[in-house]
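One structure is given below, encoded as structure tokens.
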Amino acid sequence: MLNKIWCFFFLSAFVGACWQTINGDIAIWSLLVEDLFASVKTAFSISLNLTGLLCLWLGLLKIAENSGITEKLAYILRPFFTRIMPTIPSDSPAIGSMVMNIAANVLGLDNAATPMGIKAMEQLQVHNPHKDTASDAQIMFMVINSSSLTLIPISILMYRSELGSQNPASVFIPILIATTVSTLVGFLSVAVVQRLNIFNRVVFMWLLIIFAFLFMLVLGFMQIPVSQRSLLSGAVGNGILYFSAVFFIFWGLLKKRDVYADFIDGAKDGFRVAITIIPYLVAMLAAISVFRSSGVLDILLKGIEKIFYFLGLSGDVIPALPTALMKPLSGSGARAMMIETMQEYGADSFAGFVSSVVQGSTETTFYVLAVYFGAVKIVKTRSALPCALLADAAGIITSIVVSYYFFV
């Protein structure tokens with residue numbers, strides 16, 4: 001699947017560039033090559049910027065692992081994970097790493113979530129009998145990550161505030177609904193493909209506990225004055241982040257570990273992982289770059305606009321569609337589209353509202369796939385990409401629907 005999509009990006013970009021040349025735009029080839037080279041530099045820069053974060057968090061996670069923290073987390077959530085990932089041993093340290101990764105995603109702590117996720121993927125790879133092919137457990141974990149259940153969309157609230165929104169946090173509940181639907185659809189689609197029995201008491205009770213907890217957090221968040229929500233969200237998220245680091249070190253000392261040596265041991269893996277993912281990021285970002293620069297993405301957008309008009313749907317949502325189309329392909333591209341929409345139509349316009357909700361509804365699927373699977377050198381992704389894209393579609397459609405309901 002990934003091989004076909006990657007080839008499609010390049011071949012469709014070539015056809016699109018040929019079509020623009022026929023229409024007199026001979027500069028398209030220069031633009032195509034410039035963007036191609038720029039995407040390669042971007043891929044390397046991302047890997048380089050990730051190196052420090054990977055070293056830091058993989059070092060801290062090594063302390064957590066050696067001092068028994070991840071083992072205790074795994075013990076608590078073992079009944080749930082052994083049912084949705086039956087091929088993983090109940091005592092695997094991957095369970096604890098996955099818990100910390102998902103918790104970081106929920107809190108919007110991307111700089112911690114990625115290293116934790118890569119660590120979990122490497123631990124899952126230990127139990128994978130076919131090293132170049134994604135296992136069922138890795139597919140489930142990757143899809144949950146790409147759907148990205150996020151409780152506190154700090155960056156989106158910040159951008160809305162900077163662009164003049166009178167109520168930046170008005171998108172908070174719509175984003176939570178959209179990202180929840182995205183995660184549920186992704187989870188259920190993988191469960192169906194893998195024929196998992198998720199309708200048992202243990203899984204149902206854990207899902208109920210998780211969403212009840214999220215609901216209570218939302219209620220508490222809504223009691224805070226609007227002007228303070230973004231600031232408090234950032235303070236709480238970063239406070240939890242630093243507390244986690246201090247707790248890992250403190251617990252390691254209690255267990256009489258040489259925490260500095262443990263940290264260095266884990267940090268060494270950070271550099272190795274950063275180097276490993278470079279080819280995968282280069283391949284994916286280069287393909288996405290030419291697909292966008294060739295004009296094929298614009299043609300696709302115009303086709304969707306015609307479908308909207310044909311169905312008699314409101315044209316107010318159309319300016320937000322570029323963000324929706326770009327979101328699975330490029331995080332920075334989708335963010336740029338969201339900002340451009342708010343700048344042109346206003347942060348408090350319907351288009352600006354929808355683009356903000358779409359931006360927070362799901363993760364950049366192709367980036368997550370390239371980084372997580374690239375870290376363990378997996379090239380055969382099986383059902384991971386279709387399930388992740390289905391989750392993306394569910395999140396985007398839900399974003400549009402709830403925006404009509406919540407926008408005032």
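The values are calculated or read from the model by the stated rules, or taken from the named source; none is laboratory data. Please read these numbers as outputs of a predicted model, since none were measured by experiment. Here the Cβ is made from the backbone with ideal geometry for all residues, glycine too, and neighbour counts use every protein chain on show.
Listed values, structure above:
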{"read-out": "Test: residue in the stretch 380-390 that is in contact (Cβ under 8 Å) with a residue 24 or more places away in the chain, among the hydroxyl-bearing types (Ser, Thr, Tyr) and either surrounded by fewer than 23 Cβ atoms within 10 Å (Cβ to Cβ) or more than 25 Å from Val192 (Cβ to Cβ) (or both)", "value": "yes"}
{"read-out": "Enumeration of residues in the stretch 328-350 that are buried (at least 22 other Cβ atoms within 10 Å of the Cβ), in a helix (DSSP H, G or I) and aliphatic (A, V, I, L, M)", "value": "Ala334, Met337, Met338, Met342"}
{"read-out": "In the stretch 279-304, the residues that are β-branched (Val, Ile, Thr) and either surrounded by 17 or more Cβ atoms within 10 Å (Cβ to Cβ) or at pLDDT below 80 (or both)", "value": "Val282, Ile288, Val290, Val296, Ile304"}
{"read-out": "Answer residue from the stretch 117-168, given it is small (Gly, Ala, Ser) and not in a helix (DSSP H, G or I) and is surrounded by the most Cβ atoms within 10 Å (Cβ to Cβ) among those", "value": "Ala134"}
{"read-out": "Residue identified as within 21 Å of Tyr372 (Cβ to Cβ) and free of Cβ contacts under 8 Å to residues at least 40 places away in the same chain among Met326, Met337, Met284", "value": "Met326"}
{"read-out": "Which numbered condition Lys306 fails, given (1) assigned to a helix (DSSP H, G or I); (2) over 30 Å from Met142 (Cβ atoms); (3) touching an Asp or Glu at 6+ places or on another chain (Cβ under 9 Å)", "value": "(3)"}
{"read-out": "Residues that are crowded, with 24+ Cβ neighbours inside 10 Å and either of a type outside the set (Gly, Ala, Ser) or not in a helix (DSSP H, G or I) (or both), drawn from the stretch 169-185", "value": "Val171, Phe172, Pro174, Ile175, Leu176, Thr179, Thr183"}
{"read-out": "Any hit, the stretch 210-228, residues being at pLDDT below 75, closer than 19 Å to Phe353 by Cα, out of contact with any Asp or Glu (no Cβ under 8 Å at 6 or more places or on another chain) and not polar (S, T, N, Q)", "value": "yes"}
{"read-out": "Neighbours by Cβ (under 8 Å, 6+ apart or cross-chain): first from the stretch 6-35, more than 26 Å from Pro328 (Cα to Cα); second part of a helix (DSSP H, G or I)", "value": "Thr21/Ile28; Thr21/Trp29"}
{"read-out": "Residue in the stretch 360-376 that is in a loop (DSSP other than H, G, I, E, B), within 25 Å of Thr183 (Cα to Cα), in contact (Cβ under 8 Å) with a residue 24 or more places away in the chain and more than 11 Å from the chain's Cα centre (by Cα) present", "value": "yes"}
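One line per residue, one yes/no per condition, for (1) at pLDDT below 80; (2) part of a helix (DSSP H, G or I); (3) small (Gly, Ala, Ser):
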residue: Thr70; (1), (2), (3): yes, yes, no
residue: Pro79; (1), (2), (3): yes, yes, no
residue: Arg83; (1), (2), (3): no, yes, no
residue: Ile88; (1), (2), (3): no, no, no
residue: Asp91; (1), (2), (3): yes, no, no
residue: Ile95; (1), (2), (3): no, yes, no
residue: Met100; (1), (2), (3): yes, yes, no
